[in-house]
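Structure record follows, encoded as structure tokens.
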Amino acid sequence: MQARKKYVLLGLCTCCWLLLYYWGGLQDRLLGLITHRRGEVARPWPDWLDRVLLPDYADQAELQHGGGPGESPRQRQQTWAGIYKDSHCRMDTCFDFARCQGQSGFRVYVYPTEKGEQVSESYRKILTSVAESRYYTSDPREACLFVLGIDTLDRDQLSSQFVPNVDERIRGYPLWNDGRNHVIFNLYSGTWPNYTEDLGFNVGQAILAKASLNTEHFRPGFDISIPLFSKDHPQKGGERGWLVRNTVPPQRKYLLMFKGKRYLTGIGSDTRNALHHIHNGKDIVSLTTCRHGKDWEKHKDARCDHDNQEYERFDYQELLHNSTFCLVPRGRRLGSFRFLESLQAACIPVLLSNGWELPFSDVIQWNQAVIEGDERLLLQVPSTVRAVGSDRVLALRQRTQMLWEAYFSTVDKIVLTTLEIIKDRVYSHVSRNKLMWNALPGGLLVLPEYSTHLAHYPFYYLNLGISPGQEFTAVIHATSPLVSQSQPIMKLLQVVSKSKYCSQIIILWNSEKPPPHRSKWPPMPVPLTVTDGRRKTSSRFLPHAAIETDAVLSLDEDTVLLTNEINFAFHVWRSFPERIAGYPPRSHFWDPVKRAWGYTSKWTNEYSIVLTGAAFYHRYYHHLFSHYLPPSLRALVDRTLNCDDILMNFLVSAVTHLPPIKVAQRKQYKEMPALQGSKAPWANPEHFTQRQECVNTFASWFGYMPLVHSQFRLDPVLFKDHVSVFRKKYKDLERV
Amino acid sequence: MCTSGKYSSRGPALIPRMKTKHRIYYITLFSVVLLGLIATGMFQFWPHSIESSAEWSLDRRSVHDAPLVRIPVSSPIPERGDLSCRMHTCFDVYRCGYNPKNKIKVYIYPLQRFVDDVGVPISSTGLSREYNDLLSAISDSDFYTDDVSRACLFIPSIDVLNQNSLRIRETAQALAMLPRWDKGMNHLLFNMLPGGPPDYNTALDVPRDRALLAGGGFSTWTYRQGYDVSIPVYSPLSAEVDLPERQPGPRRYFILSTQTAIHREYRVELERLKEENGEAVLLLDKCTNLSQGLASIRKRCYKSQVYDYPQILQESSFCVVLRGARLGQATLSDVLQAGCVPVIMADSYILPFSEVLDWKRASVVIPEEKLPEMYTILKSIPHRQVEEMQRQARWFWEAYFSSMKAIGMTTLQIINDRIYPYAARTYEEWNNPPIVKWSSVNSPLFLPLIPPRLPGFTAVVLTYDRIESLFRVITEISKVPSLAKLLVVWNNQNKSPPEESLWPKVAVPLKVVRTKENKLSNRFFPFDEIETEAVLAIDDDIIMLTSDELQFGYEVWREFPDRLVGYPGRLHLWDHEMGKWKYESEWTNEVSMVLTGAAFYHKYFNYLYTYKMPGDIKNWVDAHMNCEDIAMNFLVANITGKAPIKVTPRKKFKCPECTAIDGLSLDQTHMVERSECINKFASVFGTMPLKVVEHRADPVLYKDDFPEKLKSFPNIGSL
């Protein structure tokens, strides 16, 4: 009985308590309801009765006056130059624009390396990249930008690659000018235990291109954050991203992973010491080891042994391949190798590095490729990444690959991106916008000198919701003198001009004889221009100002085509404006015996080249051909009078990562040479050997083989179908 | 305790003693409970009574009724803003926390009128109309919370939009008196006119500890990147004058300057430009001969000629926005509103919302030094680009400049994007005007990939009860080298699939999925059993496709993993007489759809079809038992902006004698329904996404005079 009473009483009390509690809540809500009805709780900023009587925040006249004309601009410039130096540097105050306004434009000079100078592998690569870039000059007088010959990559005094006395040496340089217009590359700064941003010498007014830059020390719009890369990072070519397919659902075996060192003491240890908390051994694998450095056992804590054991259970590469997200926590410094590794592995980086100015943050929109976490919120990371939807994972992952291939896969790209960012600042009114930097194919392949207008490029049609123009310009490459009216070129002119999409014809005159008089050419329904190619083969891809249409139809003088074939190919090109679409297919292959690339013109089941003797492509490729490719390759083309078409195919495939498009059945696009006095250069066996060599030379410049094979061609829908010919739009294509 | 235990074990004899003991026990218990209750009550009502009184005070309707707060002379002054502040050092993220909506909570302090020791207000204007609009817009938005304890961002009701009307020291003291100030952590101040004569600082001079500043007219030296927000200088003129949007295109003038306070040195340069280029350049100034008055701010003059401002801005392609003593100019807002492309010459100026807006697409930024070259620089911009910039400029104004609400919301969204970067708005969302957003395409499979041939594809066969034909299809498909798995979707609920032993023997795994309802959509369900990227959707009566044709189709799909790659091609046409879309199944020269009776596509589209199909299309398809293939074509074309690929000449699929129009599709009413589908879907999508092309994919050596043995795909049927 007693016990029961006790329980009853206790129960009653609890009930009372609960009731009161809820009643309280209820009352609270009631109160809320009443106040809602009465006025301002839902909309707590009142709708003042005298709203209309409120004063303007500023007098209109004052606003238009804009604070008055202010001080003299010239004076201001001088004052600025005096105040805003060193850590306050900006392009306006610390950069000499006048140096870049010369005839030669943006030129970069590299100081010669002194004899016996120790230069690290990575710095040697950087210098090579600059020297091989199209901006290099050996004449310091025409240079706009200077790169030191002294290795400044590793400024850790304890490192073996540390170069002493930099300060004295650079001050001895006559061109140093307190660092104006200099770029200083650096990967490591500061040393144990604090790893400060100090480089150990006075940078002055030089632009810092530095890894692990801290937002606080970063001079916005002036310094450039670069990624940390290892000494094995390739000079050019570079591995492609690891993503080969978009699996659905996109989640991989592990959700999140980390495998790396744990610092027991010192800077960066806070973050890394906490990482084990999120490890669950199932979908989140966060492994740390204490075993690094000489005296780790001295600082060893209770977790170490267990952690070290767990650490050995997983393989880093396997995790990298099989994880959706990869943690990229700060190390001693803000940036780590993990960043590029996970970017390449299409493992979406989850950054835990507060204050890190992300690589090339000026131009890259990182929030579309990585998850920017906060060191303070480590424990939220699992729920954050779990909440990322499949669509977003798919998008983030593809973007990691896009960025990796556009800006990070080689030292060349990292250095060029740095230079291009500076160049964009110097010529700010002829620079890339953010879309150009962040959409395929990436900023390095978009040359703003060509145009700053997005619609002028072959890459952004879908982005802008527009389609390529309805007209094309035909460019006919003529090498033989005009002697008779029955020459193939005359027939070709007729055929081309009959196409309703043709807006003009340009004849590129590359013959030994001067171009014939205007009257020699037949009358045309479209404008006909004859330009002098100065007998250079590469001139066929010069960005002629006369070409105003998006599409270019490139033709050889002896090309044989039907008007309908031209029309059909043009239709196809409009569906694939970033590729080459045309008739004569060729192929490349790897010859394991010669250990070299081979080239074949035989009929095969696949092709990777479409010759530009009869092909459509976007006019922007003319500009890329003439300005993006190095002069050495164009010189090769001019010297051999050959391979221009192969080079164009290399270029376009390198930009798109896709094969060209073979249109319809025609493969033989020229008349077979008549037996007597065949002069066609391509009938010459030497011509063919040359082309083999070309393929290998080009591949070595690109650093990889950009050509891609394709197994299909595009025919008209009713091609050779057993349908009445009257129903066929392109019936004459079948007779070819 | 020990003794009591003993007693109780002895039994009833000791009850009376026990009772007293129990009484004490109960009394203590009761008092504890009572105390608890009182404490709970206090806890429940106490804070609320305080808050509600604050709320009640808001109910007064006039600004002048706001409570007066006197600032003691000795009240502490905050420190000057710390230039090294960044989100990770000066902002308390813990207040924002993780939340599934990824939205920050913003609290607005109730209005108070601060006065100094002797009763003089800290600001000559008090609350301005603009700041009031801003605060009421925020309190109406999703960001707002009235719960201080849950807020992530605090906005003082002290109006600091215009520094000129402020008493700096007292304003700072007032800020520090705010109950949650806490060194300015997570506080946001809005300021449009910073600095004062003569040297005009580019950021608000009021000491403000760690508070974030949304400021108009930041220079690169005062702007804390990633912490502060650069905002425009609002132009009240935009609310007064309605400038209708003008079609982009060439305008009467090429360059126009309407600013009244341009430094002499620059005016000389501008006049030189005018001399060189004549009519194309129009250089306006204040009207000196007009009778002074309010109207003068709406007039501009060139010599004796009078122009209306801001209307005149619409007459020029480019409008000059030069810095004055201040970097931020209200003119910028007027210029954008007029759809004139601003030519901004203000070195070191951080453009409004530059963190998210791509100003290169809406303006021309020229270093002040290059003012003399302005004409040449502007002339080098292609016409079409100028038009696009005009449109972009107007859109920026509409979306981000037009009202205090727009400015406030944009600022909060930018801060929100920093705190929840994984839910941040994209470049396209910020920068594409609605018309471009509408027509532009951002394919979810945008990376150019040619997936490896392995692990092949999964064939998904939809069947009801045509077992014989189904088995034939399975046998045929199983010969395709790249087939990885067969999935039979058994759509008949009344009948069980045949026993395992009766099925044809195939080398790859064969799995039968029984569905709960006979729906066409079942064929597009993203079954877990589909482990490959590539799916071959095939009907159970498509028996004529050869193994070569199928393998070739797969190879083509690998080159177009983001498209439908299929065999039966169809077309949509505009019927001029009826004024609507029509479905065409005749053999035509064009293709805009491939039917999923035999087509390869990416598994991702299964997921899209099942979960992301717009409107009621999915239900419509299931109800009508028709058009699932058309719906799929719409879906893919809409999201990728690309046409499907018809592969090989094959047009007959069921038997050599059959006509092109087969099976289900024979029925006339069926065809009418399919036309209806196209019209229905086009209206749901709000556009016609299908793209028409004139090509199909054939093997490179198709119909070539070449030894058949050496062809990769010799067995390609001709019909």
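The values are calculated or read from the model by the stated rules, or taken from the named source; none is laboratory data. Just so it is clear, the structure is predicted and the values come from calculations on it, not from any experiment. Because the Cβ atoms are built from the backbone with ideal geometry, glycine has one as well, and the counts that use them run over all protein chains shown.
Which of the residues belonging to segment B:462-477 are surrounded by fewer than 18 Cβ atoms within 10 Å (Cβ to Cβ) and of a type outside the set (D, E, K, R)?
Once the filter is applied, which keeps residues that are surrounded by fewer than 18 Cβ atoms within 10 Å (Cβ to Cβ) and of a type outside the set (D, E, K, R), segment B:462-477 yields B:Y464, B:I467, B:S469, B:F471, B:T475.
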- Query: Of the residues in segment B:386-428, how many are away from every other protein chain (no Cβ under 11 Å) and farther than 16 Å from B:S235 by Cβ?
  - Reply: 10
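Quick grid of which residues meet (1) part of a loop (DSSP other than H, G, I, E, B); (2) within 14 Å of chain A (Cβ to nearest Cβ):
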residue: B:T125; (1), (2): yes, yes
residue: B:E130; (1), (2): no, yes
residue: B:S136; (1), (2): no, yes
residue: B:S139; (1), (2): no, yes
residue: B:D142; (1), (2): yes, yes
residue: B:D146; (1), (2): yes, yes
residue: B:S157; (1), (2): yes, yes
residue: B:A172; (1), (2): no, no
residue: B:L178; (1), (2): yes, no
- Task: Return the only residue of A:S104, A:S133, A:S129, A:S138 being among the small types (G, A, S), assigned by the TED database to the domain that holds A:V203 and either out of contact with any helix residue (DSSP H, G or I) (no Cβ under 8 Å at 6 or more places or on another chain) or within 30 Å of B:S165 (Cβ to Cβ) (or both).
- Result: A:S138
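Would you tally the residues in segment B:450-461 being buried (at least 20 other Cβ atoms within 10 Å of the Cβ) and either modelled with pLDDT under 95 or touching a Phe, Trp or Tyr at 6+ places or on another chain (Cβ under 8 Å) (or both)?
3
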- Can we say B:D616 is surrounded by fewer than 24 Cβ atoms within 10 Å (Cβ to Cβ) and in contact with a Ser or Thr (Cβ under 9 Å, 6 or more places away or on another chain)? no
- Note on the structure: In segment B:193-219, anything touching a helix residue (DSSP H, G or I) at 6+ places or on another chain (Cβ under 8 Å) and on the phi < 0 side of the Ramachandran plot is listed as B:L193, B:P194, B:G196, B:L204, B:D205, B:V206, B:P207, B:R208, B:R210, B:A211, B:L212, B:A214
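Find the residue count for segment B:94-123, including only residues that are assigned to a helix (DSSP H, G or I) and within 10 Å of another protein chain (Cβ to nearest Cβ). Let's see the steps before the verdict.
Taking segment B:94-123 and keeping what is assigned to a helix (DSSP H, G or I), we get B:94-95.
Narrowing the set further to residues that are within 10 Å of another protein chain (Cβ to nearest Cβ) leaves B:94.
Total satisfying the criteria: 1.
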- Does at least one position in segment A:61-75 carry a residue that is at pLDDT 60 or above, under 30 Å from A:F146 (Cβ atoms) and more than 7 Å from every other protein chain (Cβ to nearest Cβ)? yes
- Applying the selection to segment B:205-217, what residues are under 24 Å from B:A406 (Cα atoms) and more than 11 Å from chain A (Cβ to nearest Cβ)? B:A211, B:L212, B:L213, B:A214, B:G215
- Out of B:S317, B:S348, B:S363, B:S380, report the one residue that is at pLDDT below 95 and under 20 Å from B:R251 (Cα atoms). B:S380
- Query: Out of all the residues in segment A:231-245, which are in contact with a helix residue (DSSP H, G or I) (Cβ under 7 Å, 6 or more places away or on another chain) and over 22 Å from A:L707 (Cα atoms)?
  - Reply: A:K231, A:H233
- Message: Of the conditions (1) modelled with pLDDT of 95 or more; (2) surrounded by fewer than 22 Cβ atoms within 10 Å (Cβ to Cβ), A:P631 satisfies every one except a single condition; which number is it?
- Response: (1)
- Message: Need pairs with beta-carbon distance below 7 Å; first residue in contact (Cβ under 8 Å) with a residue 40 or more places away in the chain and over 10 Å from B:D541 (Cα atoms) and within segment B:450-472, second hydroxyl-bearing (S, T, Y) and in a helix (DSSP H, G or I); sequence gap 6+ or separate chains.
- Response: B:F457/B:Y554
- Message: Of the residues A:A209, A:A274, A:A302, only one is surrounded by fewer than 21 Cβ atoms within 10 Å (Cβ to Cβ) and either of a type in the set (D, E) or not in a loop (DSSP other than H, G, I, E, B) (or both); which?
- Response: A:A274
- Task: Could you figure out which of (1) closer than 19 Å to B:K105 by Cα; (2) in contact with a Pro (Cβ under 7 Å, 6 or more places away or on another chain) isn't true of B:A203?
- Result: (1)
- Task: Could you identify the single residue in B:E549, B:E531 that is in a loop (DSSP other than H, G, I, E, B) and either away from chain A (no Cβ under 14 Å) or of a type outside the set (S, T, Y) (or both)?
- Result: B:E531
- Message: I need a count of the residues in segment B:220-232 that are under 16 Å from B:M404 (Cα atoms) and out of contact with any helix residue (DSSP H, G or I) (no Cβ under 7 Å at 6 or more places or on another chain).
- Response: 1
- Query: Counting just the residues of segment A:180-202 that are free of Cβ contacts under 8 Å to residues at least 60 places away in the same chain and surrounded by 16 or more Cβ atoms within 10 Å (Cβ to Cβ), which one comes out nearest to A:T265 (Cα to Cα)?
  - Reply: A:T191
- Query: What pairs can you find where one residue is in segment A:590-609 and under 15 Å from A:M705 (Cα atoms) and more than 14 Å from chain B (Cβ to nearest Cβ), the other is surrounded by 13 or more Cβ atoms within 10 Å (Cβ to Cβ) and of a type in the set (V, I, T), and their Cβ atoms are less than 9 Å apart, with a gap of 6+ or different chains?
  - Reply: A:A596/A:V695; A:W597/A:V695; A:G598/A:V695; A:Y599/A:I609; A:Y599/A:I646; A:Y599/A:V695
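Here are B:S316, B:S348: which of them is surrounded by 19 or more Cβ atoms within 10 Å (Cβ to Cβ) and away from chain A (no Cβ under 14 Å)? Show your work before the answer.
Details: B:S348 fails: away from chain A (no Cβ under 14 Å).
Result of the check over B:S316, B:S348: B:S316.
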- Item | Options A:Y450, A:Y457, A:Y461: the member that is of a type in the set (S, T, Y), modelled with pLDDT of 90 or more and surrounded by fewer than 20 Cβ atoms within 10 Å (Cβ to Cβ) | A:Y450
- Before we move on, is B:V636 in contact with a Leu (Cβ under 9 Å, 6 or more places away or on another chain), at pLDDT 95 or above and crowded, with 19+ Cβ neighbours inside 10 Å? yes
- Note on the structure: Counting only strands (runs of 3 or more DSSP E) entirely within segment B:289-362, those with at least 1 residues that are more than 18 Å from A:Q64 (Cβ to Cβ) and touching a strand residue (DSSP E or B) at 6+ places or on another chain (Cβ under 7 Å) are B:316-322, B:341-345
